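To keep things clear, I will list the structure first and then write my remarks on it.
The values are calculated or read from the model by the stated rules, or taken from the named source; none is laboratory data. Keep in mind it's a predicted model, so treat the numbers as computed, not measured. Ideal geometry is used to build each Cβ from the backbone, glycine not excepted, and the neighbour counts take in all protein chains shown.
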Amino acid sequence: MKAKYFFIFAIIVITTGCQNSSFKRDLAEEQRIYILETTKNYGGLVEIYKNQLKVSDSEKTRFKLAQAYYLSMDYDSALRALKPIINESKNDSVLVLYGRVLSEIKNPKEQQPRYQEALQYLNLALEFNPKNGEAYNLKGIVEVKLGQYDAARYSFMKSRELFYDENKVLNNLATLSLLDKDYLTAYDYLNILYNKGYRNKTVLHNLLFTLVKLDKITLAKQFCKEHKLSNRPEILIEELKKVEPNTTVNFNELVPPAGQMKKNYEKVKNAEENTNNQKNNIPQNDIVKSKGNNLVAIRSGEHKSFSRITFETTSKLTKEQYSIQISSGNVLQIKLFNVELSTLNINQIINKIKNSDRNFSNVSAQYTDQGVLVINIKIKNVTEPKISYMGKGQKGHCTSIDFYLKN
């Protein structure tokens, strides 16, 4: 009987000993992973997850390995790590990471960015989890790179509604506004980030660029000197005046503020504007004031099944204020009555619509003395246009014209 008890006791001791040993080993590895993540030693993380994968091949480990590869900018290896599981995965985080990797690489044969493929996986991720704010944010970035500004703005706003990282979304909305040459809106977004303590190079350079484009030259010089952006600010500012936004802005990740925030930039701005002459003084919330219904923005973009033109006006457009006709030769004529061009000119309006060349070509426009904006567009491979009121945008009321693709 004693021998039996001793045998059972030995089994318990041996089993418990193995469990304790395994627990200590797992704990040591978790601590090591924590240290590597904290120090951003992605090469060390890659080795750990590769060893784990040799022991047990799982979706979770492949995801972690691909994430480590991605953070070390080894995109091809990240793609290889995810390929064996991507077709069967229903994990939205895995699909988002795969879309993120695709957005960073080019097709090996055509050497073209794989943005459309990235969108497919991001949309699939949103099918599995419609509340994935990260997917919407990344989708917006990809749509911007495809020139689909309307779609991108929607994606960023949706990401913000889903409480994804507010500061990242604000940075992306600011960048989108810069690309859209909506400098006042970009300034507002960037100023929020600045006052929250975000002072990395992306925010500082974009804010300087915005000040230059808003013709706040005195303030731009002061800002440039304060943040040591150039030893010769006058020359930098003169060069920025000539530069188009698509050569100066990007979607770099924000670096969180460290320590106490610096001096509030709004105080500097107000002090400068109080002493600046009237020529350079531009109110923060309104560049040009007008009594009429101002056309403050126009955008065009391509969606999967339709193309869209959006007009943003200070007051909602009524049915009496626009007309749309299609004449022979598939020439579409849009008329907006009793509108004023706030910060836009005819060339800007034409270029905004020409952003979408899949279904629009030969764009022309004119503005009459009676306040009528006439736009002529050659349309192709689309059905009858559908007009919708889209609600309030950043600066006014949005009215959209959608052109659905023919089957």
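Taken as a whole, the condition of being out of contact with any helix residue (DSSP H, G or I) (no Cβ under 6 Å at 6 or more places or on another chain), under 22 Å from K145 (Cβ atoms) and not basic (K, R) applies to D76.
Residues in segment 145-190 that are among the small types (G, A, S), under 24 Å from Q112 (Cα atoms) and over 11 Å from the mean Cα position of the chain (by Cα): how many? Of the residues in that region, 1 qualify. Which ones in segment 114-136 are under 26 Å from V203 (Cα atoms) and surrounded by fewer than 24 Cβ atoms within 10 Å (Cβ to Cβ)? Of everything in segment 114-136, those that are under 26 Å from V203 (Cα atoms) and surrounded by fewer than 24 Cβ atoms within 10 Å (Cβ to Cβ) turn out to be Y115, N132, G133, E134.
The test for being of a type in the set (S, T, Y), at negative phi and free of Cβ contacts under 8 Å to residues at least 24 places away in the same chain does not hold for S93.
Quick check on I346: is it among the aliphatic types (A, V, I, L, M) and either at pLDDT 80 or above or farther than 26 Å from L184 by Cα (or both)? Judged against the criteria, I346 is not a match. Reported count of residues in segment 277-332, each being outside any strand (DSSP E or B), out of contact with any strand residue (DSSP E or B) (no Cβ under 7 Å at 6 or more places or on another chain) and modelled with pLDDT of 75 or more, is 5. What pairs come up if the first residue lies in segment 191-208 and is over 10 Å from N167 (Cβ atoms) and at pLDDT 85 or above, the second is hydrophobic (A, V, I, L, M, F, W, C) and in a loop (DSSP other than H, G, I, E, B), and their beta carbons are under 8 Å apart, counting only those six or more places apart or on different chains? Qualifying pairs under 8 Å: N195/M261; L204/L229; H205/L229; N206/V249; L208/L229.
Go through (1) in contact (Cβ under 8 Å) with a residue 24 or more places away in the chain; (2) in contact with a helix residue (DSSP H, G or I) (Cβ under 6 Å, 6 or more places away or on another chain); (3) farther than 14 Å from V94 by Cβ for A66 and report which single condition fails. Unmet for A66, out of (1) in contact (Cβ under 8 Å) with a residue 24 or more places away in the chain; (2) in contact with a helix residue (DSSP H, G or I) (Cβ under 6 Å, 6 or more places away or on another chain); (3) farther than 14 Å from V94 by Cβ: (3). Elements of the type helices (runs of 4 or more DSSP H) sitting completely within segment 93-209 and holding at least 1 residues that are aromatic (F, W, Y) and not assigned by the TED database to the domain that holds K228: these cover 115-128, 133-145, 149-161. When L332 is tested against the conditions (1) closer than 30 Å to Y115 by Cα; (2) without any contact (Cβ under 8 Å) to a residue 60 or more places away in the chain; (3) surrounded by 13 or more Cβ atoms within 10 Å (Cβ to Cβ), the lone failure is (1).
Please specify each residue of segment 44-57 satisfying the condition of being loosely packed, with under 11 Cβ neighbours inside 10 Å and not basic (K, R). Break it down into steps so the answer makes sense when it comes.
Step one: of segment 44-57, the residues loosely packed, with under 11 Cβ neighbours inside 10 Å are 54-56.
Those that are loosely packed, with under 11 Cβ neighbours inside 10 Å and not basic (K, R): V55, S56.
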